[in-house]
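Beneath this line is the structure, given in structure tokens, with notes to follow.
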Amino acid sequence: MIKSALVTLTPVVVGLFWMSQYPAIPTTDFQAPSGWEERTSNSKPPRLALDFDPAVGIPLKDIDDAIALHYLLDAHSREAIVITQITTTFGNVDGNATYSVAKELFRRWFVPKSINLFKGATNARDFDTVAAHKLADHQGIVVALGPVTNIAAALELNPNPQWDHLILLGIYMIFINLQFICYIIHIYINLQSLPVCKGGTERRGLNIRALRTTELNFALDEQSVNRVLDVAGRIPVTVFPMEVCRKVLFTEDDLEGLDDWFRVSSFSWLWISPFVTGRLGFHPWDLLPAIFVEFPKIFKISKVSMKLVNLPWQKGHIHISNATGENDIDVVVDIDVALFRQLYDKTFS
């Protein structure tokens, strides 16, 4: 009898614990991203620095950084943006490995010589890097797709950089087994009928997300995150949390427009990703900020106050509350998925 009760109650207890992890992003009127103006055909394309942690080709590691790079290189070739530099950081793998992967991508994808590649942080304490110095001198947009160590180091060198906009990607902390278990529970008790956080939805009763707002890129270097979020009062900052990124699900079919080497190198990630995401596919996390640079209007923004929880048992957790008017941050809370896919298919067809 006790065994039967445990079998019945365990999924319920785990499910309730899972649901309790998530505060909703507060509801506000959707706003246009701050710092973005409608560009005309006569306006100059924005200058962009990309800081990322590519790992394609490394077994069981994520491939979305490389997909984002491919998209941005296409935008560069169309003169929609001007990529001035690309820097690497640790994250998906160690910093030496991400730099090696980036060099391989440069070689295979014939990246223009006008775009320079610089090696950045290999760990959260690695501030004295070429990448940090180059980012400190950059003028334009900065897109950070990995831990923000290089960004924080650049701000130490130059507290008032000439950055037009800083775009950060959180992405969720990966707990493979619990994610998969929670997905099964999700189906088992039919949570689809309950209120779901779809970015900007107000919490009324239950609010389902995958594992609290635990942002992996933030968890890997919390000290740097605190430094970077402080710049929001001086530079427009946009954050892509995991919730909006989980709205887009890719499968192997979405890689058909990429070269054979990339598709072969993606095999192990395609195999493991359902256990990571709890879904039959993978989320192209880094691609969303990349497309945002060129097409911000397909996203919806909520202006909020954001800070790290800063508790040892909640590493990487962020606390989001109503905007205060001081150091507010634009959080992306929704996306037009159909239009996003049209833009992607047009680029990768």
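Considering only the other residues whose Cβ falls under 12 Å of the Cβ of residue 154, what net charge follows from Lys and Arg at +1 and Asp and Glu at -1?
Numbers: positive: 134, 227; negative: 51, 128, 137, 156.
Within the 12 Å Cβ shell, the charges total -2.
When you count, for each residue, the other Cβ atoms within 10 Å and take the mean per peptide, how do 334-347, 151-164 rank with the highest first? All intermediate terms of the calculation are to be shown ahead of the outcome.
Numbers: 334-347: 14.9, 151-164: 19.3.
Listed from highest to lowest mean packing, they are 151-164, 334-347.
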- Item | Solvent accessible area, Å² - residue 256, 1.4 Å probe, full protein context | 130
- If the chain between residue 319 and residue 94 were fully extended at 0.36 nm per residue, the gain over the current Cα-Cα distance would be 78.2 nm
- Message: Tell me the net charge near residue 348. Cut-off is 10 Å between Cβ atoms, residue 348 excluded, with +1 for each Lys or Arg and -1 for each Asp or Glu.
- Response: -3
- Message: Rounded to the nearest 10 Å², what accessible area does residue 133 have for a 1.4 Å probe in the complete protein model?
- Response: 90
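Please list, by residue number, every one of the trypsin sites (Lys or Arg not before Pro) in the stretch 42-112 that is coil in DSSP and has at most 16 other beta-carbon atoms within 10 Å. Walk me through the numbers on the way to the answer.
Details: sites: 47, 61, 78, 103, 107, 108; in loops: 61, 78.
Listed in order of number, the matching sites are 78.
Mind listing which chymotrypsin sites (Phe, Trp or Tyr not before Pro) in the stretch 219-321 are in a DSSP loop and have 15 or fewer other Cβ atoms within 10 Å? Please report the intermediate quantities before stating the final value.
Details: sites: 250, 261, 262, 267, 269, 271, 275, 282, 285, 292, 299, 313; in loops: 285, 313.
Qualifying residues, ordered by number: 313.
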- How big is the gap, in Å, between the Cα center of the stretch 66-89 and the Cα center of the stretch 323-349? 17
- Item | Solvent-accessible area of residue 89 with every protein chain in place, 1.4 Å probe, in Å² to the nearest 10 | 0
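The values are calculated or read from the model by the stated rules, or taken from the named source; none is laboratory data. The structure displayed is predicted, hence computed values, not measured ones. Here the Cβ is made from the backbone with ideal geometry for all residues, glycine too, and neighbour counts use every protein chain on show. Keep in mind that these areas ignore ligands, DNA and RNA; they rest on the heavy atoms of the full protein, side chains included. Shrake-Rupley method; radii C 1.70, N 1.55, O 1.52, S 1.80 Å.
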